[in-house]
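Peer 1: One structure is given below, represented as structure tokens, and several questions about it will come after.
The values are calculated or read from the model by the stated rules, or taken from the named source; none is laboratory data. Fair warning: this is a prediction, and the values are worked out from it, not measured in the lab. Methodologically, a virtual Cβ is constructed for each residue, glycine included, from the backbone with ideal geometry; neighbour enumeration extends over all protein chains shown. With ligands, DNA and RNA removed, areas are computed over all heavy atoms of the protein, side chains included. Shrake-Rupley method; radii C 1.70, N 1.55, O 1.52, S 1.80 Å.
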Amino acid sequence: FKRAMELDEKWLLRLEPDRLLSRYRQEAGLTPKAKSYGGWEEQGIAGHSLGHYLSACAWMYQDTGNKRFLERVNHIVAELAECQRANTNGFVGAMPNGKKVFAEVARGDIRSAGFDLNGSWVPWYNLHKLFAGLIDAYRYCENAQALEVVSRLGDWADDTTKNLTEAQWQQMLACEHGGMNESLADLYALTGNKRYLDLAKKFYHKAILDPLATGRDELPGKHANTQIPKLIGAARIYELTGDANFGHAARNFYSIVLSNHTYVTGGNSQGEHF
């Protein structure tokens, strides 16, 4: 395990933060400081790697004390703050046409086919990684600016969705949205601002969570990666509030997956599906 951590440390330091930030600056109307990485970072899910990277650097700094990771965290957060200021409304993201897509969502114009929302590849999933990365930067590197940025991003998310009907919410949540509920619950725990807890509870995908809350197994054929974060978030909300429905859903999910959908190898899915 120590050897694996050391290899991970070397790999993280080989990556260039400004390349991971490239599309954030571009989408904010700023000049990128480096060329974007290829692969998914040149596609519709651009930007999600930075969120993962920010979390990884924050955790690595906590575990090793290597100040190179702290410097990277501080640099990334400062760059994200600049992009957020340029966007003017609290939004910060790197997905192509993200501002246009979320403006449509705010108007109640919602189109989803499971892995896209209004033509954008899983934008809430993408933003969840950024929320989590900023929260980790605050928790493990004591970067106060990270909490400011993620709080403004949370305010933007609330403003964007505040006029949606329940039917529109459920239509939107049919698109993979990662653990937005968990990050918003964490943001509430850090700030005490109930606005974020209320929003976390709205990221409640009834088609998945309602059956689980009553112990029904309707998981066969469903995309496993999409569902797991929803229940981690439900567990976090239960931990913070004691709301029994969230607790039942999380406990039943664990029991159902363990009993009905787990292979001898420990995996729970085939081709990412239960």
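Peer 1: How do the helices (runs of 4 or more DSSP H) wholly within region 162-274 filter down when requiring 1 or more residues that are within 23 Å of GLY133 (Cβ to Cβ): which remain? Walk me through how you get there before you give the answer.
Peer 2: Details: elements: 166-173, 180-191, 194-202, 206-213, 224-241, 244-260.
In region 162-274, 166-173, 180-191, 194-202, 224-241 are the helices (runs of 4 or more DSSP H) which contain 1 or more residues that are within 23 Å of GLY133 (Cβ to Cβ).
Peer 1: Being open to solvent by 30 Å² or more (accessible area, probe 1.4 Å) and more than 20 Å from SER120 (Cβ to Cβ) is the filter here; which residues of region 168-188 pass it?
Peer 2: Listed by number, the residues that qualify are GLU182, TYR188.
Peer 1: Quick one: count up the residues across region 60-109 that are farther than 22 Å from GLN43 by Cβ and either assigned to a helix (DSSP H, G or I) or not polar (S, T, N, Q) (or both).
Peer 2: 27
Peer 1: Is it true that THR191 is at pLDDT 95 or above, of a type in the set (S, T, N, Q) and either more than 23 Å from PHE102 (Cα to Cα) or open to solvent by 50 Å² or more (accessible area, probe 1.4 Å) (or both)?
Peer 2: It is true that THR191 is at pLDDT 95 or above, of a type in the set (S, T, N, Q) and either more than 23 Å from PHE102 (Cα to Cα) or open to solvent by 50 Å² or more (accessible area, probe 1.4 Å) (or both).
Peer 1: In addition: Those residues that are open to solvent by less than 10 Å² (accessible area, probe 1.4 Å), under 16 Å from LEU15 (Cβ atoms) and among the aliphatic types (A, V, I, L, M), I need them from region 31-76; list them, please.
Peer 2: Residues satisfying the conditions are ALA46, LEU50, LEU54, ALA58, VAL73, ILE76.
Peer 1: Shifting gears a bit: If I ask for residues that are open to solvent by less than 60 Å² (accessible area, probe 1.4 Å) and among the charged types (D, E, K, R), which ones from region 223-239 would you list?
Peer 2: Scanning region 223-239 gives LYS230, ARG236.
Peer 1: How many residues does region 111-121 contain that are buried (at least 22 other Cβ atoms within 10 Å of the Cβ) and either out of contact with any Gly (no Cβ under 7 Å at 6 or more places or on another chain) or among the β-branched types (Val, Ile, Thr) (or both)?
Peer 2: Here the count works out to 1.
Peer 1: Exactly one condition in (1) closer than 20 Å to LYS100 by Cβ; (2) surrounded by 14 or more Cβ atoms within 10 Å (Cβ to Cβ); (3) touching a helix residue (DSSP H, G or I) at 6+ places or on another chain (Cβ under 8 Å) is false for GLN26; which is it?
Peer 2: Failed condition: (3).
Peer 1: Right, here's the next one. Can you name the condition, by its number, that ALA94 falls short on among (1) touching a Leu at 6+ places or on another chain (Cβ under 8 Å); (2) touching a residue at least 60 places away in the same chain (Cβ under 8 Å); (3) open to solvent by 10 Å² or more (accessible area, probe 1.4 Å)?
Peer 2: It is condition (3) that ALA94 fails.
Peer 1: Additional query: So LEU212 clears everything in (1) more than 26 Å from LEU197 (Cβ to Cβ); (2) open to solvent by less than 20 Å² (accessible area, probe 1.4 Å); (3) among the aliphatic types (A, V, I, L, M) except one condition, right? Which one?
Peer 2: Exception for LEU212: condition (1).
Peer 1: Follow-up question, since we're still on this one. Is it the case that ARG152 is open to solvent by 60 Å² or more (accessible area, probe 1.4 Å), closer than 15 Å to SER183 by Cβ and part of a helix (DSSP H, G or I)? Break it down into steps so the answer makes sense when it comes.
Peer 2: On the way: open to solvent by 60 Å² or more (accessible area, probe 1.4 Å): yes; closer than 15 Å to SER183 by Cβ: yes; part of a helix (DSSP H, G or I): yes.
Yes; evaluated as a whole, the condition is true for this residue.
Peer 1: Hey, can you tell me all the residues within region 176-197 that are under 23 Å from ASN252 (Cα atoms) and not small (Gly, Ala, Ser)?
Peer 2: GLU176, HIS177, MET180, ASN181, GLU182, LEU184, ASP186, LEU197
Peer 1: A follow-up question, please. Answer yes or no as to whether THR165 is surrounded by fewer than 17 Cβ atoms within 10 Å (Cβ to Cβ), among the β-branched types (Val, Ile, Thr) and at pLDDT 95 or above.
Peer 2: yes
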